[in-house]
Amino acid sequence: MEFAKFLNGEGELHLFDYEDSVRSVATALEHAGFRNVRVFGSSYKLLDSYNWSLAKLLDKNAEPIYDYVFIDGAHSWAVDALTAFLADRMVKVGGYLDFDDYDWTFCGSPSANPTVFPLTRKLYTAEQIASKQVKMIVDLLIKRDPRYQEVVANKIFQKLA
């Protein structure tokens, strides 16, 4: 809602998540008067994600299309390292990548902790469950890239070239 308010009807707000989630948010935004929203929903299939929609957008757009990308995703290297790569291809020079949950871990999550959600233990090693995977993405892929300037510590990075 805050992003839609900030855009104030200008540009487009693209939402990527599970199909039911993005439809729900889009409906709420529409009821609030915002019509500049596009949704890109994915299924609940194990290996489906927003990366598929990002790849299809990349295929349709030879040039970067985003001024700002906020990544609050799967919080895993396996999914969001590719997301960061795709976002880099899609964000314009001068635009921003914003990462949520820099210090998040599966073991510290109230919903993804393996004691609460046993599938986590089947999908990830003990090291991966304990690791700050968003931090790994930011530190290894973005902070080391000279094309990015850190604007907000460990969170927002501006693409310089």
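The values are calculated or read from the model by the stated rules, or taken from the named source; none is laboratory data. Since the structure is predicted, the reported quantities are computational estimates derived from the model, not experimental observations. Methodologically, a virtual Cβ is constructed for each residue, glycine included, from the backbone with ideal geometry; neighbour enumeration extends over all protein chains shown.
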Looking only at the stretch 75-86, count how many residues are part of a loop (DSSP other than H, G, I, E, B) and over 24 Å from residue 151 (Cβ atoms). 1
Give me a count of the residues in the stretch 46-73 that are within 15 Å of the chain's Cα centre (by Cα) and at pLDDT below 95. 1
Kindly indicate whether residue 99 is among the aromatic types (Phe, Trp, Tyr), assigned by TED's automatic domain parsing to the domain that holds residue 19 and touching a Lys or Arg at 6+ places or on another chain (Cβ under 9 Å). no
In the stretch 88-161, which strands (runs of 3 or more DSSP E) lie fully inside it and hold 3 or more residues that are within 14 Å of the chain's Cα centre (by Cα), at pLDDT below 95 and surrounded by fewer than 16 Cβ atoms within 10 Å (Cβ to Cβ)? none
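In the stretch 95-105, is there at least one residue being touching a strand residue (DSSP E or B) at 6+ places or on another chain (Cβ under 8 Å) and β-branched (Val, Ile, Thr)?
To start, the set of residues in the stretch 95-105 that are touching a strand residue (DSSP E or B) at 6+ places or on another chain (Cβ under 8 Å) comprises 95-100.
So of that shortlist, the ones also β-branched (Val, Ile, Thr) come out as none.
No, there is no match, as no residue in the stretch 95-105 is touching a strand residue (DSSP E or B) at 6+ places or on another chain (Cβ under 8 Å) and β-branched (Val, Ile, Thr).
Show me the strands (runs of 3 or more DSSP E) found entirely inside the stretch 1-71 where at least 1 residues are polar (S, T, N, Q) and in contact with a helix residue (DSSP H, G or I) (Cβ under 9 Å, 6 or more places away or on another chain).
Numbers: elements: 13-18, 37-42, 66-71.
So the answer is 37-42.
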